[in-house]
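Trainee: Dumping the structure here so I can ask a few things about it.
The values are calculated or read from the model by the stated rules, or taken from the named source; none is laboratory data. Keep in mind that this is a model prediction, so the values were computed, not measured. Cβ placement follows ideal geometry from the backbone for every residue including glycine, while neighbour counts extend to all protein chains displayed.
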Amino acid sequence: MLSGSEKNTIYRRGGGGLEYANEAVLTPGAILTMPADAAHVAECLGEEPAIGLHVYGGDVLGVERSMWDPETLEEHPLTWDHYEIMAQKASGAEKPPLT
């Protein structure tokens with residue numbers, strides 16, 4: 001995390017869908033590592049913009065990935081067009097799913 005702060009709600013697959021696993025609050029200097037099969041929701045905390053650097057250990061665009069509708073938790077293949085739609089939905093949510 002470079003500046004600001006961010007809460008990550010982390011999920012794992014289970015029981016035919018996503019299950020809440022844990023949370024991590026990041027502040028400047030913090031590093032969060034996640035397993036390749038983790039799903040997460042990132043929330044900016046406070047008024048200062050949260051700025052971080054994401055490093056992926058592989059071809060993030062060439063690997064089949066999933067995303068979940070923040071309201072229904074329905075799983076969808078990740079496409080960048082669909083990501084933009086889901087990101088707008090998630091940005092308007094009061095809290096992360098399953099919390």
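Trainee: When the residues of the stretch 9-23 are narrowed to those that are over 20 Å from residue 83 (Cα atoms) and surrounded by 14 or more Cβ atoms within 10 Å (Cβ to Cβ), which ends up modelled with the highest pLDDT?
Mentor: 23
Trainee: Could I ask something else about it? Which one of these is surrounded by 16 or more Cβ atoms within 10 Å (Cβ to Cβ), part of a loop (DSSP other than H, G, I, E, B) and touching a residue at least 24 places away in the same chain (Cβ under 8 Å): 70, 28, 49?
Mentor: Numbers: 28 fails: surrounded by 16 or more Cβ atoms within 10 Å (Cβ to Cβ); 49 fails: surrounded by 16 or more Cβ atoms within 10 Å (Cβ to Cβ).
On inspection, the qualifying residue turns out to be 70.
Trainee: When you check residue 78 against the structure, is it hydrophobic (A, V, I, L, M, F, W, C) and either touching a helix residue (DSSP H, G or I) at 6+ places or on another chain (Cβ under 6 Å) or free of Cβ contacts under 8 Å to residues at least 40 places away in the same chain (or both), yes or no?
Mentor: Yes.
Trainee: Here's a follow-up. When only residues in the stretch 72-83 that are under 14 Å from the mean Cα position of the chain (by Cα) and modelled with pLDDT under 85 count, which is farthest from residue 18 (Cα to Cα)?
Mentor: Going through the qualifying residues, I end up with 83.
Trainee: Okay, moving on. Being within 12 Å of residue 44 (Cβ to Cβ) and among the hydroxyl-bearing types (Ser, Thr, Tyr) is the filter; apply it to the stretch 1-26 and report the residue that is nearest to the chain's Cα centre (by Cα). Before you say what the answer is, go through the steps one by one.
Mentor: Within the stretch 1-26, the subset within 12 Å of residue 44 (Cβ to Cβ) is 1, 3-8, 25-26.
Now restrict to residues that are among the hydroxyl-bearing types (Ser, Thr, Tyr): 3, 5.
Values: 3: 18, 5: 14 Å.
By that ranking, first place goes to 5.
Trainee: Out of the stretch 27-49, which residues are small (Gly, Ala, Ser) and more than 14 Å from the chain's Cα centre (by Cα)?
Mentor: Within the stretch 27-49, 29, 30, 46 qualify.
Trainee: Here's a follow-up. Looking for whichever is of a type in the set (Phe, Trp, Tyr) and assigned to a loop (DSSP other than H, G, I, E, B) here; the options are 56, 11. Which one fits?
Mentor: On inspection, the qualifying residue turns out to be 56.
Trainee: Look through the stretch 84-99, keep the residues that are part of a loop (DSSP other than H, G, I, E, B) and touching a residue at least 12 places away in the same chain (Cβ under 8 Å), and return whichever of them is farthest from residue 21 (Cα to Cα).
Mentor: Of the residues in the stretch 84-99, the ones part of a loop (DSSP other than H, G, I, E, B) are 92-99.
Cutting the leftovers down to touching a residue at least 12 places away in the same chain (Cβ under 8 Å) gives us 93, 96-99.
On the way: 93: 19, 96: 12, 97: 12, 98: 10, 99: 10 Å.
The residue in question is 93.
Trainee: Check residue 26 against each of (1) closer than 17 Å to residue 96 by Cβ; (2) touching a Pro at 6+ places or on another chain (Cβ under 7 Å) and name the one condition it does not meet.
Mentor: Result: residue 26 fails condition (2) only.
Trainee: Next question. Under the condition of being surrounded by fewer than 12 Cβ atoms within 10 Å (Cβ to Cβ) and of a type in the set (Gly, Ala, Ser), which residue from the stretch 31-46 is nearest to residue 92 (Cα to Cα)? Let's see the steps before the verdict.
Mentor: Pass one, the stretch 31-46, residues surrounded by fewer than 12 Cβ atoms within 10 Å (Cβ to Cβ): 31, 33, 35-37, 46.
Now restrict to residues that are of a type in the set (Gly, Ala, Ser): 36, 46.
Values: 36: 27, 46: 16 Å.
Only one residue tops the list, namely 46.
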